[in-house]
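Below is one structure; the comments refer to it alone.
The values are calculated or read from the model by the stated rules, or taken from the named source; none is laboratory data. Computed from a predicted model, the values in this text were never measured in an experiment. Cβ coordinates were reconstructed from backbone atoms using ideal geometry, including for glycine residues, and neighbour counts include every protein chain displayed. All accessible areas refer to the heavy atoms of the entire protein, side chains included, with ligands and DNA or RNA removed. Shrake-Rupley method; radii C 1.70, N 1.55, O 1.52, S 1.80 Å.
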Amino acid sequence: MTRIVALSGSLSRPSRTRALVQLIAERAALGVHAQIEVIDIAELNPALGNTVSFGQFPPALAAAQRSLEAADLIVLGSPVYKGSYSGLFKHFLDLLDPTRLSGKVAILAATGGSDRHALVLEHQWRPLASFFELITAPAGVFVKDTAFANYQLAPHGDEGVAATARIDLAVAQARQLLDWPTSVPNPASSTPISLVA
Ligand SMILES: Cc1cc2nc3c(=O)[nH]c(=O)nc-3n(C[C@H](O)[C@H](O)[C@H](O)COP(=O)(O)O)c2cc1C
């Protein structure tokens, strides 16, 4: 059984980021015998915010850490807050053993209110992923608020179509890194998910 674990760094409920990381995980799981888990920072808080010392973790936090450490594929997603990931997303990662994610494959994802911050994935998320020695899909997935309706990606609008294509590119790259099949049926269209689509 393959394990896909998605981390959502939003403090809000409902959350576009949570919907996005879940969608990325689902598309990554297509055609694979996979189990998906979403770690939601909004659910871990306030226990997460109150945890400052290593080794004294509330059970829910310890379980979330174990899940991430057992993942084959990780989706690292956060809303952009003040030009970076959320503070509690970083705090969750600050409490992880820095060696435990080494060599795992990851897809980087962000939601934001403005396209001006789309490159946060490159100057904030990717260096953080490199610290943990994650192997990241080259395509990051940044999706603006206006691509969502009712906190779900609106797949048929122009922005939703573009976001879905970007997700599928990142998924195909991650699957290639994992040596999983890169061409699988795409449920949203007749186009297969493929690096050369
Ligand atoms: C405290 C705070 C700071 C934010 N800062 C930015 C920002 O710097 N750049 C940006 O593009 N969006 C910013 N936003 C907008 C959120 O990134 C955006 O609405 C995101 O989709 C929220 O995701 P969620 O629905 O998962 O909470 C900010 C939102 C909040 C609440």
### Query
What are the residues in the range 1-10 that are in a loop (DSSP other than H, G, I, E, B) and buried (at least 17 other Cβ atoms within 10 Å of the Cβ), if any?
9, 10
### Query
Taking the range 11-59, which residues are more than 10 Å from the ligand (Cβ to nearest atom), open to solvent by 60 Å² or more (accessible area, probe 1.4 Å) and part of a loop (DSSP other than H, G, I, E, B)?
31, 33, 46, 50, 52, 54, 55, 56
### Query
Does residue 64 satisfy the criteria of being outside any strand (DSSP E or B), in contact with a helix residue (DSSP H, G or I) (Cβ under 7 Å, 6 or more places away or on another chain), of a type in the set (Gly, Ala, Ser) and at pLDDT 95 or above?
yes
### Query
Any chance the range 103-119 includes a residue that's more than 19 Å from residue 20 (Cβ to Cβ) and away from the ligand (no atom under 11 Å from the Cβ)?
yes
### Task
With the checklist (1) open to solvent by 60 Å² or more (accessible area, probe 1.4 Å); (2) within 11 Å of the ligand (Cβ to nearest atom) in hand, flag the one item residue 122 doesn't pass.
(2)
### Task
Write out, first by first residue and then by second, each pair whose Cβ atoms fall under 6 Å of each other, whose residues are 6+ apart or on separate chains, and whose first residue, in the range 126-140, is in contact (Cβ under 8 Å) with a residue 40 or more places away in the chain while the second is open to solvent by less than 20 Å² (accessible area, probe 1.4 Å).
129/106; 134/101; 134/106; 135/105; 137/107; 137/170; 137/174
### Among (1) on the phi > 0 side of the Ramachandran plot; (2) open to solvent by 60 Å² or more (accessible area, probe 1.4 Å), the one test that residue 103 misses
(2)
